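Encoded as structure tokens, the structure appears first; notes follow it.
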Amino acid sequence: MGVEVGAELAKGVGRRPVLALLAALAACSDPDAHIRNRIDTGWHRDDLDALLLHWHSHALRPDGSFQLAFDRAWKPRPQPELELTGQARLVYTFAAGHEFLPDAGYLAIARRGADVLLERFRDPVHGGFFHTVGADGQPRATIKRAYDHAFALLALSEVYRIGGSERHRAAALQAWREIEAGFFDPAGGLVNECGRDFKPMPGSRTQNPVMHMFEAVLALFGATGDEGAQVGARRLGDFAAYKLLQGRAEAEGGGARIPEWYDEAWKPLPTKEAGGYIDLGHQFEWSHLLMTGAVVSPVYAQVAERVLSYALATGYDDIDGGCGQRAFPDGAKTDARKGWWQQAECLHALIVAAQESGRNDLWRRYEQTLGLIKDQLVDAEQGGWRAASALPCKSGGCEDTQPDPYHMVRLHQAALKLAA
């Protein structure tokens, strides 16, 4: 082949056709090259590095916990209590960052943060984790929240996967056993809140802790190979796919969606007025999590495709890129405002689906949404991302705060792994 290319050059064939031929030859030897070449790895790595540098500079506290409340300029705001979800997200953030930036000392930070979770938040009497603790390390809100526990499990699983400490492996597996015993309801979903003794609190249900628990137990299974975690991931994934998922007729745009709020029997709230809605960011999030979850059931990849189809048809902006916030079950007008975390999840889902399918329409949307994020969300002045509830910021839709980096780090982690 090299002789033939040289002959073409000798004949004076134009430079562009020869480069195209060389690219085709490279693709023959590396069939996934066209996929990786469309992921902007330089930007993903640079933004990950910048985010972690800022959080490393401002969030660390002497006792191993994290300051999470900042204004846009990174000025600390009062934080009288430590909240489990936020602390766990920072533990995960630094553990994940170590995988790509191994010389920055992030693993040690993650381990110290994990120790805070285990030493201060963990309930020594009933198991599980408290919702908040005070600056003195004593529990404040002793309720148990499924959403909190999902992030505690994710953090411990990631610290074990990256650092290999048997202590963190044992803690993650124990946390999962307590979650299974304390939060699952008879329908197969999760109770939102329990008392300290894991007595369920009455109230409506939401898919959000189910989604993040699915994410966390998948991480536990990936890190440990534990069969119980595999069964748990299948249990939650099947609940979403067979209980929560709503298929859509072709006349309604097709695809499938997972509503946000339900009554105690997991019947979705029917109207906007009743509090029912479909969170579009969560549809994108479910899409990439279900695709990842295909390791426990191949059905999930098909469900992921249907959910993504709905999210794109209902909430994606094909003119400017990015996605809106909410659709409504009764056909009320879609809330097309663009929030910061929804754009991160939209981009994450597009990367995963485009890598899996190679579809050019998905790569086009990836590049389009990436442009939106670069232009309107990455904060070139202060660092971090803008806390947008309704882009553009110049219209007053951004808050004077720093959003925590969980969604962004998950996005960059996926992009860099897929490009590797």
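Taken over the stretch 42-72, residues that are basic (K, R) and either surrounded by fewer than 17 Cβ atoms within 10 Å (Cβ to Cβ) or in contact with a Leu (Cβ under 9 Å, 6 or more places away or on another chain) (or both) amount to 2. Counting only residues that are within 30 Å of T271 (Cα to Cα) and either of a type outside the set (A, V, I, L, M, F, W, C) or out of contact with any strand residue (DSSP E or B) (no Cβ under 6 Å at 6 or more places or on another chain) (or both), the stretch 331-368 holds 18 of them.
Only one of the numbered conditions (1) part of a helix (DSSP H, G or I); (2) surrounded by fewer than 18 Cβ atoms within 10 Å (Cβ to Cβ); (3) not hydrophobic (A, V, I, L, M, F, W, C) is not met by Y160, and that is (2). Evaluate the stretch 396-407: report whether one residue or more is in a helix (DSSP H, G or I) and at pLDDT 95 or above. Within the stretch 396-407, one or more residues are in a helix (DSSP H, G or I) and at pLDDT 95 or above. Looking across the stretch 176-231 at every residue that is assigned to a helix (DSSP H, G or I) and polar (S, T, N, Q), the one that is nearest to the chain's Cα centre (by Cα) is identified as N208.
Filter the stretch 232-248 for residues that are among the small types (G, A, S) and more than 15 Å from L308 (Cα to Cα); which is farthest from the chain's Cα centre (by Cα)?
Looking at the filtered set, the residue picked out is G232.
Counting the residues of the stretch 163-172 that are surrounded by 20 or more Cβ atoms within 10 Å (Cβ to Cβ) and among the acidic types (D, E) gives 0.
Counting the residues of the stretch 153-162 that are closer than 19 Å to D404 by Cα and either in contact with a Gly (Cβ under 9 Å, 6 or more places away or on another chain) or β-branched (V, I, T) (or both) gives 2. Output the residues belonging to the stretch 400-420 that are closer than 18 Å to R89 by Cβ and of a type outside the set (S, T, N, Q). Passing the criteria: P403, D404, P405, Y406, H407, M408, V409, R410, L411, H412, A414. Taking the criterion of being touching a residue at least 60 places away in the same chain (Cβ under 8 Å), under 19 Å from the mean Cα position of the chain (by Cα) and in a loop (DSSP other than H, G, I, E, B), the residues of the stretch 367-395 that qualify are G384, R386. Is there a residue in the stretch 198-208 that is crowded, with 20+ Cβ neighbours inside 10 Å, touching an Asp or Glu at 6+ places or on another chain (Cβ under 7 Å), farther than 19 Å from E285 by Cα and touching a residue at least 12 places away in the same chain (Cβ under 8 Å)? No, the conditions are met nowhere in the stretch 198-208.
At pLDDT 95 or above, in a helix (DSSP H, G or I) and more than 20 Å from the chain's Cα centre (by Cα): does that describe R364?
Yes: the conditions hold for R364.
You will find that of G383, G371, G315, the residue that is on the phi > 0 side of the Ramachandran plot and either surrounded by fewer than 20 Cβ atoms within 10 Å (Cβ to Cβ) or in contact with a Gly (Cβ under 6 Å, 6 or more places away or on another chain) (or both) is G383 and no other.
The values are calculated or read from the model by the stated rules, or taken from the named source; none is laboratory data. This structure is a prediction, so every number in the text was calculated from the model and none was measured. Please note: Cβ atoms are built from the backbone with ideal geometry, for glycine as well, and neighbour counts cover all protein chains shown.
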